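Notes follow once the structure below has been shown.
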Amino acid sequence: MNNGKRSINISLGSGSANLNARPNPFARPARPSTTTALGFGDVDDENDANENDNDKGNDSTDSPGPPKRKQIKLDHGQADTEDQEEDTFSKLSALKASAPRPPPAKKSVFGDDDDEEDAFSRLASKQAHEESPTTTQVDEEEDDPLDAFMAGIDTQVKKEAEMPSEEKVRRDDIEDEDYVESYMKHMKKKGIMVGHGGPMQERNEDVDSDEEVYATARAIDNAAEPQFDPDEMGYDMQSNGKKEITPLPRVDHSRQNYVEIEKCFYEEHEDIARLTDEQVKQIRMDLDMRVSGADAAKPCISFAHFGFEEALMETIRRAGYSEPSGIQQQAIPVALSGRDIIGIAKTGSGKTAAFLLPMIVHIMDQEELEKGDGPIGVVLAPTRELADQIYSEAKRFAKAYSLRVAVVYGGASKQDQFKTLRSGVEIIVATPGRLIDMIKIKATNFKRTSFLVMDEADRFFDLGFEPQVRSICDNIRPDRQTVLFSATFQKRVEKLAREVMTDPVRISIGNVGQINSDVTQVIQLLKDDTLKWKWLVERLQELEARECLHGDMVQQERDKAVHDYKNRLFPTLIATDVAARGLDIKSIRTVINYDVARDIDSHVHRVGRTGRAGEKGTAYTLITDKDDRFAGELVRNLEEGGQAVSPDVMKIAMQNPRFRKSRHFMGDQKGGRGGRGGRGRGGGGRGGNRGGRGGGAADGIKVEEMQSTSEITLDEILEIIIEDKDQALAFAAERAVAIHAVLSASKVCQRVFTKLVNGETITKKDKSPVTIGDFSAQAVINTILHKSFPEDPIVGEEDSKDLRGEEGRQMREKVLELANSGLDQALTEDSLLEAIDRGTYAGGAKGRMWALDPIDGTKGFLRGEQFAVCLALIVDGQVQVGVMGCPNLPVDAKDKDGEKGCLFITVKGQGAFQRNFSSTTETPISMSSIQSLAEASFCESVESGHSNQSDSAKIAHLLGITNPPVRMDSQCKYCSLSRGDAEVYLRLPVSATYEEKIWDHASGSLLVAEAGGIVSDIHGQPLDFSKGRTLATNSGVIAAHAKIHGRVIEAVQKVLFPEGKL
C-alpha cells in the first residue's frame, strides 16, 4: 500500500500517528525575515527552514508603519527597571561557577561600577525586604540593578512559599498533553507490559526554569555556588519533576493608563452590502454555518471583500490562498469589526488565518513599539506543536509589514526566549505556563496587548489550565479584542469564555465536535488486541521506515521528528496523543487509531490530522469487544457527522450500560404501575391491562411520582432493561440512518425554499418549488436508505416520470443539483431517477418497508411556514421507527422568534425525543399533563381543506374546551402534540371516499404514542398500516392525550353521527 508518495499517521496507546506527504501548498522561495524563532527549529517546510536561518541574529527591523497615534501617559506607579535588566541572564550564567567570594570587579551591564562584593553584602541585607519585585525601584547611583533584581526574586519566592496551598496549581509539564501514567494504566488493563514493568520516571522538560533562577539568586545571597546548571536545570527534587506554577496576580485596570486603541477597521464592500438577508442566510446554510450575536457582519465570499492592503493581499497570494474558507468568510469580517468571537469549526478549516489576518490589521493601526513595550498580539496554544504551527503561519503573514513574531514554550532555552522578548516583538505565540514564566521574570509585559487569541481552547480546560489562562486574561486590558477558537466546545468552556469576553459573536460550522466530513471513517472490528498487529503489518509494506513522536522525547527530538516527517524522510509516524493537535501536514491521507482514544474529543483531533483544507482522508479505528464505552461515544459522533453506523459497531456500543440507557431509558415517566407487566402509561401503554413500560428510565422518575412507583424493585428494572436489549439492538442502526436521512433532506428543502420560492409561489400560482423539493428530498432519503439497507422497499410519494425526457430536463437538472447538495457522493441523472423510483413500493402486511413523505405541508412550505420531512420504518404492519424534520418549527414553542429547526425521533417502546438542527443533544419529550379537559387545546390545520373545522369547533364546545386552537400546516402538528404544545389533534374526514396515505401518519402516530398519547381513527380504531399505501380501513385521525382520548372519541361520535349511525 505504501509507495513512498503517501504518509500514514498511526495512533498507539493514548495517542495518534500518520501516513505520507506531498509538497506544501504554502511553499515559496526563501526570503529574508525579521521574525524570531524560539525553541528548536521550525516545523514548516524546507523553504521556511531557510527563513529560520535568516531569522537568527536578525531580531528586529524598523517598520515604516502608519503615523503614530496620540499616546496617553503611562504611569504604573513604579520605576521601570526593565531596560536595566536586559542582560540579567548573561550575568546569571557568568555567576554559575562563582566561588563563595565573587570574582574581581566587573563593570555592570546596567552602567554601574560597584564591586560585586558590595553587591553581595547589599543583597544579604535586603533579604527581609518586603517590597514586590514589580514595584522595586532602582537607584542607579547606589545599587547594582542585578542585585536588586535578585533580591526581589528572593522576596517573591518567600512570599509565594507563604501563600495558601490552594492558590498553587500543579503542572505536570504544562504544555505536554501526553499522560504517561494514564497510558501505562490503560495498557496494563489490556494485559500489555510497557518498558520493564516498573514505574516510569517523570521529568521536567522545562529548561532554564524558575527553579534555576531562584536557586541562583539564593546562592548569590548566601555567597555559595549555585547547585544547578542554568543550561540543564529543570528537575525539582522536592516535587519529583512536577512544577508548581502560580497564576499571575490580578491587576487593577482602573489605575492603569493604557494607549488609546481602535478596534473597528471594516468597511463593507459594495458587493456584500447588496446581499439580501435571504442571500446571507443561504450562504451560511451552504456552509452549514450558524451565527449568533447582535449585528454580526455579513460573510464575505472573496479575499477582495475584506479590504486588505495590497501588501497583505500579495502575502496571502504567495501563501497559496485562492479563496477564504468557510470560517474565514464569516470570522474575518466580524473580527475586523472589532467584535469578540467564539469560533467553532472542524480541524483543518483555516482557523489560524481567520485570527492572524485581523490581528495584523489591528497591530498596524497601533503606534510602533517603544523599548520595554510588550506585544500587541498574543496567541495562546495548549501544546508546543500547535504553538509552533501557529508561529509558522504568523511569520508568513507578518512579513507583509516586517512585524516581529516570537514563539515561547517549555522545553526550549528560557535564556534565549528572555533575550528575544526583551528585544521587542509585536506578536507572541505561547503556551500559557511559559508565558507566565516570562511575565514573572519581566522578559515582557501586557501593557500594549490589545488582541488576545485562545486557540484549541477546550484543551486548556481539559488539561486543567483554567487558572493560568484566566490569570493571563485578567492581566490584559479589559477593552481588548478577544478571539477564541476550538474544534470542540463544551458548555463549561463556553461559560468561562463568555466571562472573559464582551458581547461575543458565536460562529459555528458543522456540528460541535463532529468529524470532518472530508474524512471517511473505517471502523475495524477485531476479536481481541492480539490481532491488531497482524492487521497492521498486512497493510504496511515498509513499516521499518518510520519515526516516533511522544511526550517523553526532549523537544529537539520532537521537532526533528516532525520536521523530517513533513519533508518525507520517512512515510510512517507512530505517535501518541502528542500528535493529535497542532500538526498541520496536508499530505497526510491516512490515520490509523491502533488503540482507541481516551475520549471522543481526542478521537476527533486524531482523525483531524487528515482531510485538512478540503483534501480527502481516511481514518481507521481498530476496536474490540472491550471498547464498548468508546464505541458508544463513537456511535454518537458518527451519527452527528452524518456517517453510517454499522450494526456490528452498534452491537458493541449497546454492551455498554450507560450508552444503552441513554438510548432507551431517558424518557419521562408518565404512567404509574400497570398490572403484572411492568410500568404502564395510563391507558395501558405497550402492555394494555398488563401495564407495559413507560417512556423513561428508572432514575428519571420524578419525586412526585415516587409514591405510585415505589413498589418497582431494582430487579424488575434490570429485568426490563434485559428484556428490551434485543429490541434496542434491532433498531439502533435504523434509527441512526433515519436521523441522517431526514436531517440531510430537511436541509435540502431549506435550500430549495431559499433559491426558488418567490411571490408567485407563495400564492401557489407556481408550485414547482415544492415539486422540486419533493423530488430532491426523496432522492436524498432513498439514496441514504439504500446504502444502509439495500433490501428494504420504500413507500414514497413521488415517481420520476415528470423528470424524464426533454420535457423534464430543466426540472431534472435543478433536482440533481439540489439533491447532490445533501449527499456525500454525487448522483448522475440516471442514478437520480433510479433513486426516486425506489419509492414506488405498494406496501403490505408482511416484512419491512419504509414510508416516506418528502415534504408534507405544501402550502406551509410555499409560505415559509410549517412543513415536515417524515420517515418511518414499518415491520409486519407495525410502525417501529419514526423520524420527523420540521425546519421552521421553533425549538421552544414559547419563543416563536427564537431558534428554529427540530428533529423528532422515536422507536417503539423507547420514548420520544426532540433534537435541534443545530445541536446533537436529544431531549426526552412527553405530552403535557392536564387535570381537566378545560385546560386542553386543539391543534388544527391552517386551511379547512384538510379537516372539517366547523365540526372541530362543535367538538371543542361539547368537551368544554375554550382555549384557542393551535393552527399549523403539516405533520408538525404531531410534533407539537408530542412535546405538549396542545393536547388534541383532529383530522376529520372531508369526504366519505378519501383515504389517508400511510406516509402522512406513520411516524407521527408512533411519536405521539411514545410521548403518552393515543392515535386512532374517528371510531377509536388503531391505524392499520398493513393495507398498502393508504389507511384503507380507517376514516379520519384522532390524536389525543391518553387521559382524554376516550372522551374525545365520544364527542366526535356525537357531532359526526348525531343519530347514532356510524
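The values are calculated or read from the model by the stated rules, or taken from the named source; none is laboratory data. Not measured: the values here are computed from a predicted model. A quick note on method: Cβ atoms are made from the backbone with ideal geometry, for glycine too, and the neighbour counts reach across all protein chains shown.
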> When you go through (1) farther than 21 Å from PHE446 by Cα; (2) of a type outside the set (A, V, I, L, M, F, W, C); (3) in contact (Cβ under 8 Å) with a residue 40 or more places away in the chain; (4) surrounded by 21 or more Cβ atoms within 10 Å (Cβ to Cβ) one by one for ARG318, which number turns out not to apply?
Replying inline: (4)
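Working only within the range 272-291, note down all residues that are under 31 Å from the mean Cα position of the chain (by Cα) and either charged (D, E, K, R) or over 26 Å from ILE509 (Cβ atoms) (or both). Walk me through how you get there before you give the answer.
The initial filter retains those residues of the range 272-291 that are under 31 Å from the mean Cα position of the chain (by Cα), namely 272-273, 275-291.
The answer is ASP277, GLU278, LYS281, ARG284, ASP286, ASP288, ARG290.
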> For the range 983-1022, which residues satisfy the criterion of being within 27 Å of PHE913 (Cβ to Cβ), among the β-branched types (Val, Ile, Thr) and surrounded by fewer than 24 Cβ atoms within 10 Å (Cβ to Cβ)?
Replying inline: VAL1015
> For residues in the range 811-837 being of a type in the set (Val, Ile, Thr) and crowded, with 19+ Cβ neighbours inside 10 Å, which is farthest from the chain's Cα centre (by Cα)?
Replying inline: ILE836
>> Between ASP1024, ASP1017, which is at pLDDT 90 or above and over 16 Å from LEU988 (Cα atoms)?
In response: ASP1024
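Every residue, every condition in (1) within 18 Å of VAL1015 (Cα to Cα); (2) within 32 Å of the chain's Cα centre (by Cα); (3) among the aromatic types (Phe, Trp, Tyr); (4) not assigned by TED's automatic domain parsing to the domain that holds SER776, yes or no:
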| position | (1), (2), (3), (4) |
| --- | --- |
| GLN866 | no, yes, no, no |
| VAL869 | no, yes, no, no |
| VAL879 | yes, no, no, no |
| ASP895 | no, yes, no, no |
| PHE904 | yes, yes, yes, no |
| ALA953 | no, no, no, yes |
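If you scan the range 913-935, which residues turn out to be at pLDDT below 85 and touching a strand residue (DSSP E or B) at 6+ places or on another chain (Cβ under 6 Å)? Before you say what the answer is, go through the steps one by one.
Within the range 913-935, the subset at pLDDT below 85 is 918-921, 928-935.
Across the range 913-935, the qualifying residue is only SER918.
Taking VAL1015, is it under 18 Å from CYS975 (Cα atoms), touching a Lys or Arg at 6+ places or on another chain (Cβ under 8 Å) and in the same structural domain as ARG987 (by TED's automatic domain parsing)?
On the way: under 18 Å from CYS975 (Cα atoms): yes; touching a Lys or Arg at 6+ places or on another chain (Cβ under 8 Å): no; in the same structural domain as ARG987 (by TED's automatic domain parsing): yes.
Judged against the criteria, VAL1015 is not a match.
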> Which of (1) surrounded by fewer than 19 Cβ atoms within 10 Å (Cβ to Cβ); (2) touching a Phe, Trp or Tyr at 6+ places or on another chain (Cβ under 6 Å); (3) not charged (D, E, K, R) is the odd one out, the single condition THR502 does not satisfy?
Replying inline: (2)
> Here are some conditions: (1) of a type in the set (Gly, Ala, Ser); (2) surrounded by fewer than 22 Cβ atoms within 10 Å (Cβ to Cβ); (3) closer than 28 Å to GLY608 by Cβ. GLY410 meets all but one. Which one does it not meet?
Replying inline: (2)
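Only one of these is of a type in the set (Lys, Arg), free of Cβ contacts under 8 Å to residues at least 60 places away in the same chain and out of contact with any His (no Cβ under 6 Å at 6 or more places or on another chain): ARG987, ARG1029. Name it. Break it down stepwise before answering.
On the way: ARG1029 fails: free of Cβ contacts under 8 Å to residues at least 60 places away in the same chain.
Only one candidate passes the filter, namely ARG987.
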> Tally time: how many residues in the range 600-635 are part of a loop (DSSP other than H, G, I, E, B) and at negative phi?
Replying inline: 6
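For the range 1037-1052, check the following and say yes or no: at least one residue is in contact with a Lys or Arg (Cβ under 7 Å, 6 or more places away or on another chain) and not aliphatic (A, V, I, L, M).
Here is the first cut: in the range 1037-1052, the residues in contact with a Lys or Arg (Cβ under 7 Å, 6 or more places away or on another chain) are 1037, 1042.
Right, trim to not aliphatic (A, V, I, L, M) and you get none.
The answer is no, given that none of the residues of the range 1037-1052 is in contact with a Lys or Arg (Cβ under 7 Å, 6 or more places away or on another chain) and not aliphatic (A, V, I, L, M).
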>> Take the conditions small (Gly, Ala, Ser), surrounded by 14 or more Cβ atoms within 10 Å (Cβ to Cβ) and more than 26 Å from CYS972 (Cβ to Cβ) and apply them to GLY808. Does it pass?
In response: yes
> Looking at (1) part of a strand (DSSP E or B); (2) of a type in the set (Phe, Trp, Tyr); (3) touching a helix residue (DSSP H, G or I) at 6+ places or on another chain (Cβ under 8 Å), which is the one condition that is false for PHE861?
Replying inline: (1)
>> Filter the range 881-893 down to the residues that are out of contact with any Lys or Arg (no Cβ under 8 Å at 6 or more places or on another chain) and either at pLDDT 90 or above or in the same structural domain as LEU638 (by TED's automatic domain parsing) (or both) and list them by number.
In response: GLY882, MET884, GLY885, CYS886
> If you take the residues of the range 464-498 that are charged (D, E, K, R), crowded, with 17+ Cβ neighbours inside 10 Å and closer than 30 Å to GLU260 by Cβ, which of them is modelled with the lowest pLDDT?
Replying inline: ARG470
> Looking only at the range 299-316, which residues are acidic (Asp, Glu) and either under 11 Å from TYR266 (Cβ atoms) or outside any helix (DSSP H, G or I) (or both)?
Replying inline: GLU309
>> Condition first: out of contact with any Ser or Thr (no Cβ under 9 Å at 6 or more places or on another chain), modelled with pLDDT under 75 and of a type in the set (Asp, Glu). Can you find one or more residues in the range 535-543 that meet it?
In response: no
>> For the list (1) within 37 Å of the chain's Cα centre (by Cα); (2) of a type outside the set (A, V, I, L, M); (3) at pLDDT below 85, I need the number of the one condition that SER1005 fails.
In response: (3)
> Is there a residue in the range 959-981 that is more than 48 Å from the chain's Cα centre (by Cα) and either over 29 Å from THR840 (Cβ atoms) or buried (at least 22 other Cβ atoms within 10 Å of the Cβ) (or both)?
Replying inline: yes
>> Report every pair of residues separated by at least 6 positions or lying on different chains whose Cβ atoms are under 7 Å apart, first residue within the range 1035-1060 and more than 19 Å from ALA936 (Cα to Cα), second surrounded by fewer than 21 Cβ atoms within 10 Å (Cβ to Cβ) and charged (D, E, K, R).
In response: LEU1056/ASP951
